[in-house]
Amino acid sequence: MLKTSENTLDPSDWRAFRVQGHQMLDDMLDYLEHLRGQPVWQPMPQAVRDSFRQTLDNAPADLAEAHADFMKTILPYAVGNTHPGFMGWVHGGGTPVGMLAEMLAAGLNANLGGRDQAPVELERQLVQWIRTLFAFPETAGGLLVSGTSMANLISVLIARTALLGPAVRQTGIAASKLRLVAYTSTSAHISIAQAMDLAGIGSDALRMIPVNEHHQMDVAALAVAIATDKAAGLTPFFIAATVGTADVGAIDPLAAIAELAGREKLWFHVDGAYGALAVLATDIAPRLQGIERADSIAFDFHKWGQVPYDAGFILVRDSVYQLDTFASPAAYLRRETRGLAAGSPWPCDLGPELSRGFRALKIWFTIKVYGPEKLGQIISNTCTLAQYLKQRVESTPQLELLAPVALNIVCFRYRSEDANRINAKIVIALQESGIAAPSTTTLQGKLAIRAAIVNHRTTASDIDALIEATLAFGKIAENNNLTTQAQGK
Ligand SMILES: *Cc1c(COP(=O)(O)O)cnc(C)c1O
């Protein structure tokens, strides 16, 4: 049991606590330094799973004992996104710098809802950096949030207020008698539909516009859908384009969508969850042209930005609409010009949360220590690796590519008569082997092995290992399939 000084939770012996703290830091640095020697992921033994089914007991443990439990039952059985062989989903790898920044933030225990404090100023500094990064005007504002799902929801709410006025917060959408409709592509992330649902507009009011052969939103079809809805007496109000679709990493034609949104006076939102930060990569940034015309951009620092979870952002061209949507005038007009209650508006006036952690610190440390240029190179590098994987797939007769490789996501499969079954088996075998962890997606009915290269630690050797293991497991799965078929006869 941790010995505490009387009536507090602080240790009575700070020296002993310090030794234990240093041990914990060392263990975590060892973990990060030697990741490559460990499996990407490994199934959790039943005994470990059972260790999480204990009743709450009253006997406090020693800190060292709790940490030993962490090392034994938690650390080895995480998803594995810190590992260079993780390619399953668009998860960032995290960094040692981000980890240390999290520790500092936790020590400070800052609450960034508001008040006059340096942590809030630091978040404002980030907002300013991000605003310039996307060439947004000075009227722009933003807020750190948990992730892009939350940022997409916030953008739908703001677009609703921009259209109907702040009174909609009291009267609700129904009072307007307008039937709002929104647009995104069939490749959009589910969080756009969820945002429509949570905003009370309903996901039925989201039109899923088809995509072209590059998996990009078909802008001509979008124009037709808008015209059809208007003719039917509905009120189009919101378009969500995607930069980096979750399935294949496609970039919607932003400039053409911006043009159309401008003409139709619709809110132009960009879901750039992982892709928007490609503005940092000099070779990819030109392909994001048009993003600077968005009314709002949602993106994550915890994906391509490699900042530890969670770290999402919503950038809004005209922050007045953001205040109109979330600020409670009664509260913020009463604020002081001096003392702790100064510095209005506060972050809590820009989103639905009052208590907020110090996410800004790990982002600031990441940008400051690595520099935007290096972060951009990391992003470019993952795309170069994706092209390498694409080439390896194309030059291997047993494999075939299933989608264009626009950014860092490669969808391919092992050729087989029974391809969907065989490839599902290959992916499970890859994951359970600990060699590489891709995921699956279905493209035109074909089950694809999906490798999303996001982690800054991934190298060409990890790509080679993925290819070789895929071929080996493909052969085994094919043989087992034949045996099973033979036995079935
Ligand atoms: C990951 C992702 C999201 C969701 O972001 P979270 O940070 O997980 O909430 C939304 N859209 C796209 C395109 C994504 O890749």
TODO: Answer yes or no: is there a residue in the stretch 131-140 that is in contact with a strand residue (DSSP E or B) (Cβ under 9 Å, 6 or more places away or on another chain) and either surrounded by 23 or more Cβ atoms within 10 Å (Cβ to Cβ) or among the aromatic types (Phe, Trp, Tyr) (or both).
DONE: yes
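Would you call Val48 assigned to a helix (DSSP H, G or I) and in contact (Cβ under 8 Å) with a residue 12 or more places away in the chain?
Taking the combined requirement at face value, the residue satisfies it.
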Task: Listing of strands (runs of 3 or more DSSP E) fully contained in the stretch 391-489 that carry 3 or more residues being crowded, with 21+ Cβ neighbours inside 10 Å and not assigned by TED's automatic domain parsing to the domain that holds Ala278 - done: 409-414, 446-452
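A quick yes/no check of all residues on (1) in contact (Cβ under 8 Å) with a residue 40 or more places away in the chain; (2) among the charged types (D, E, K, R):
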position	(1), (2)
Ala436	yes, no
Gly445	no, no
Ile449	no, no
Ile467	yes, no
Lys475	no, yes
Asn479	no, no
TODO: Of all residues in the stretch 244-261, count the ones that are over 25 Å from Val316 (Cα atoms) and either more than 11 Å from the ligand (Cβ to nearest atom) or crowded, with 24+ Cβ neighbours inside 10 Å (or both).
DONE: 1
Open item on the list: Condition check: crowded, with 22+ Cβ neighbours inside 10 Å and at pLDDT 95 or above. Does Ser203 satisfy that?
Closed with: no
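Does Pro347 satisfy the condition of being away from the ligand (no atom under 16 Å from the Cβ), over 18 Å from the mean Cα position of the chain (by Cα) and without any contact (Cβ under 8 Å) to a residue 60 or more places away in the chain? Steps first, please.
Numbers: away from the ligand (no atom under 16 Å from the Cβ): yes; over 18 Å from the mean Cα position of the chain (by Cα): yes; without any contact (Cβ under 8 Å) to a residue 60 or more places away in the chain: no.
Answer is no for this residue.
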Task: In the stretch 128-158, the residues that are assigned to a helix (DSSP H, G or I) and away from the ligand (no atom under 15 Å from the Cβ) - done: Gln128, Trp129, Ile130, Arg131, Thr132, Leu133, Leu157, Ile158
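Is at least one residue of the stretch 159-172 within 16 Å of the ligand (Cβ to nearest atom) and either modelled with pLDDT under 95 or not assigned by TED's automatic domain parsing to the domain that holds Trp89 (or both)?
Residues of the stretch 159-172 that are within 16 Å of the ligand (Cβ to nearest atom), as a first pass: none.
Checked the stretch 159-172: no residue is within 16 Å of the ligand (Cβ to nearest atom) and either modelled with pLDDT under 95 or not assigned by TED's automatic domain parsing to the domain that holds Trp89 (or both).
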Task: Residues within the stretch 308-334 that are surrounded by fewer than 18 Cβ atoms within 10 Å (Cβ to Cβ) and not in a helix (DSSP H, G or I), tallied - done: 5
- [ ] Scan the stretch 282-307 residue by residue and report those that are crowded, with 24+ Cβ neighbours inside 10 Å and either modelled with pLDDT under 95 or among the hydrophobic types (A, V, I, L, M, F, W, C) (or both).
- [x] Ile291, Ala294, Ile297, Ala298, Phe299, Phe301, Trp304, Val307
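Mind listing just one residue for me: the one in the stretch 364-389 that is of a type in the set (Gly, Ala, Ser) and assigned to a helix (DSSP H, G or I) and, of those, farthest from Ile467 (Cα to Cα)? If you could, list the steps in order and put the result at the bottom.
In the first step, residues of the stretch 364-389 are kept if they are of a type in the set (Gly, Ala, Ser); the result is 371, 376, 380, 386.
Subsequent filtering for residues that are assigned to a helix (DSSP H, G or I) retains 376, 380, 386.
On the way: Gly376: 27, Ser380: 21, Ala386: 12 Å.
In this case the residue turns out to be Gly376.
Matching residues to (1) modelled with pLDDT of 95 or more; (2) crowded, with 19+ Cβ neighbours inside 10 Å; (3) of a type in the set (A, V, I, L, M, F, W, C); (4) within 16 Å of the ligand (Cβ to nearest atom):
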{"position": "His189", "(1), (2), (3), (4)": "yes, yes, no, yes"}
{"position": "Asp197", "(1), (2), (3), (4)": "yes, no, no, yes"}
{"position": "Met208", "(1), (2), (3), (4)": "yes, no, yes, yes"}
{"position": "Met217", "(1), (2), (3), (4)": "yes, yes, yes, yes"}
{"position": "Val224", "(1), (2), (3), (4)": "yes, no, yes, no"}
{"position": "Thr242", "(1), (2), (3), (4)": "yes, yes, no, yes"}
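Given the structure, is Arg317 of a type outside the set (A, V, I, L, M, F, W, C) and out of contact with any Gly (no Cβ under 8 Å at 6 or more places or on another chain)? Give the derivation first.
Values: of a type outside the set (A, V, I, L, M, F, W, C): yes; out of contact with any Gly (no Cβ under 8 Å at 6 or more places or on another chain): yes.
It is true that Arg317 is of a type outside the set (A, V, I, L, M, F, W, C) and out of contact with any Gly (no Cβ under 8 Å at 6 or more places or on another chain).
Out of everything in the stretch 312-331 that is within 16 Å of the ligand (Cβ to nearest atom) and in contact with a Ser or Thr (Cβ under 8 Å, 6 or more places away or on another chain), what residue ends up being farthest from Thr82 (Cα to Cα)?
Here is the first cut: in the stretch 312-331, the ones within 16 Å of the ligand (Cβ to nearest atom) are 312-315.
Now restrict to residues that are in contact with a Ser or Thr (Cβ under 8 Å, 6 or more places away or on another chain): 312, 314-315.
On the way: Gly312: 18, Ile314: 25, Leu315: 27 Å.
Restricting to residues being within 16 Å of the ligand (Cβ to nearest atom) and in contact with a Ser or Thr (Cβ under 8 Å, 6 or more places away or on another chain), the top hit is Leu315.
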TODO: Looking for whichever is surrounded by 14 or more Cβ atoms within 10 Å (Cβ to Cβ), under 30 Å from Asp300 (Cα atoms) and not assigned by TED's automatic domain parsing to the domain that holds Ile426 here; the options are Leu2, Leu100, Leu32. Which one fits?
DONE: Leu100
- [ ] Spot the failing condition for Ala246; the list is (1) modelled with pLDDT of 95 or more; (2) in contact with a Ser or Thr (Cβ under 9 Å, 6 or more places away or on another chain); (3) closer than 29 Å to Thr440 by Cα, and only one is missed.
- [x] (1)
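The values are calculated or read from the model by the stated rules, or taken from the named source; none is laboratory data. Predicted model, so just to flag it, every value in this text is computed and none were measured. Methodologically, a virtual Cβ is constructed for each residue, glycine included, from the backbone with ideal geometry; neighbour enumeration extends over all protein chains shown.
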